1. Collect the residues in segment 107-132 that are of a type in the set (S, T, N, Q) and either surrounded by fewer than 16 Cβ atoms within 10 Å (Cβ to Cβ) or farther than 23 Å from E64 by Cα (or both), keeping them in residue-number order.
2. If I ask for residues that are of a type in the set (S, T, N, Q) and under 11 Å from the mean Cα position of the chain (by Cα), which ones from segment 116-159 would you list?
3. Looking only at residues that are charged (D, E, K, R) and buried (at least 17 other Cβ atoms within 10 Å of the Cβ) in segment 43-76, which one is nearest to G149 (Cα to Cα)?
4. Can you go through R102, R79 and tell me which one is touching a Ser or Thr at 6+ places or on another chain (Cβ under 8 Å), assigned to a helix (DSSP H, G or I) and either exposed (fewer than 15 other Cβ atoms within 10 Å of the Cβ) or not hydrophobic (A, V, I, L, M, F, W, C) (or both)?
5. When both residues are 6+ apart or on different chains and their Cβ atoms are under 6 Å apart, which pairs have a first residue that lies in segment 120-149 and is farther than 19 Å from S34 by Cα and free of Cβ contacts under 8 Å to residues at least 24 places away in the same chain, and a second that is assigned to a strand (DSSP E or B) and of a type in the set (D, E, K, R)?
6. Hey, does segment 9-30 have a residue that's within 24 Å of Q120 (Cα to Cα), assigned to a helix (DSSP H, G or I) and either in contact with a Leu (Cβ under 6 Å, 6 or more places away or on another chain) or aromatic (F, W, Y) (or both)?
7. Looking at P128 and the list (1) farther than 23 Å from S25 by Cβ; (2) in a loop (DSSP other than H, G, I, E, B), which single condition is not satisfied?
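We did not get these values from a lab; they are worked out from the coordinates using the rules stated. Note that the coordinates shown come from a computational prediction; the quantities given were computed from them, not determined experimentally. All Cβ positions, glycine included, derive from the backbone under ideal geometry; neighbour counts span all protein chains shown.
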Amino acid sequence: MDKSDAVSRLVGSTENLLTALGKQSSLGYKQVWSWEGVVAEKAVERWRSAELDAANAIGGVVQERSMDRYQEWNEVVTRLRPGVVALVDSDVISQRVPEQYRKVVRTTLRWDLLHALVEQEYADLGVPDFFRTLTKVFRAGHLPCDLIGEYPHGDLVVF
């Protein structure tokens with residue numbers, strides 16, 4: 001199976017990826033309406049913190065429930081990363097995101113999609129599904145960009 005197939009199954013067609021930025025969402029999450037809201041310092045800080053907490057939660061569950069599989073963590077990530085990189089480095093972002101915001105979008109997509117795949121890999125161990133939940137945001141054409149409140153109970157914000 002092509003490495004990008006796993007990513008495609010997770011987010012669906014890239015046809016919808018990032019097509020609804022700044023448009024009304026029907027997902028029920030809080031929204032920001034401008035790129036300035038996406039890259040606001042406090043929002044970026046909160047979002048990076050939530051992403052890190054969620055990633056650490058996956059690792060913690062895997063380590064607790066299967067040390068053998070935890071030992072394979074780096075191999076799993078190495079196997080999954082190329083499909084994510086192929087999508088994130090495709091023309092999709094350069095066609096849909098203003099140049100000055102591409103770095104933050106690529107960083108978010110790489111991290112969130114890779115960790116959604118890691119969650120999927122370890123789902124049988126009962127890992128949290130924070131990143132897999134974000135895939136419906138991506139499928140709807142939006143970008144997750146903030147979490148107001150503490151992970152895992154905060155309110156997701158999308159653009």
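1. If we filter segment 107-132 for residues that are of a type in the set (S, T, N, Q), which is where we start, we get 107-108, 120.
The answer is T107, T108.
2. Initially, segment 116-159 is screened for residues of a type in the set (S, T, N, Q), giving 120, 133, 135.
Once the filter is applied, which keeps residues that are of a type in the set (S, T, N, Q) and under 11 Å from the mean Cα position of the chain (by Cα), segment 116-159 yields T133, T135.
3. First, pick out the residues of segment 43-76 that are charged (D, E, K, R): 45-46, 48, 51, 53, 64-65, 68-69, 72, 75.
Among the residues that remain, those that are also buried (at least 17 other Cβ atoms within 10 Å of the Cβ) are: 46, 51.
Values: R46: 9, E51: 13 Å.
Filtering first and then ranking leaves R46.
4. R102
5. From segment 120-149, the pairs are G149/D155.
6. Within segment 9-30, not a single residue is within 24 Å of Q120 (Cα to Cα), assigned to a helix (DSSP H, G or I) and either in contact with a Leu (Cβ under 6 Å, 6 or more places away or on another chain) or aromatic (F, W, Y) (or both).
7. (1)
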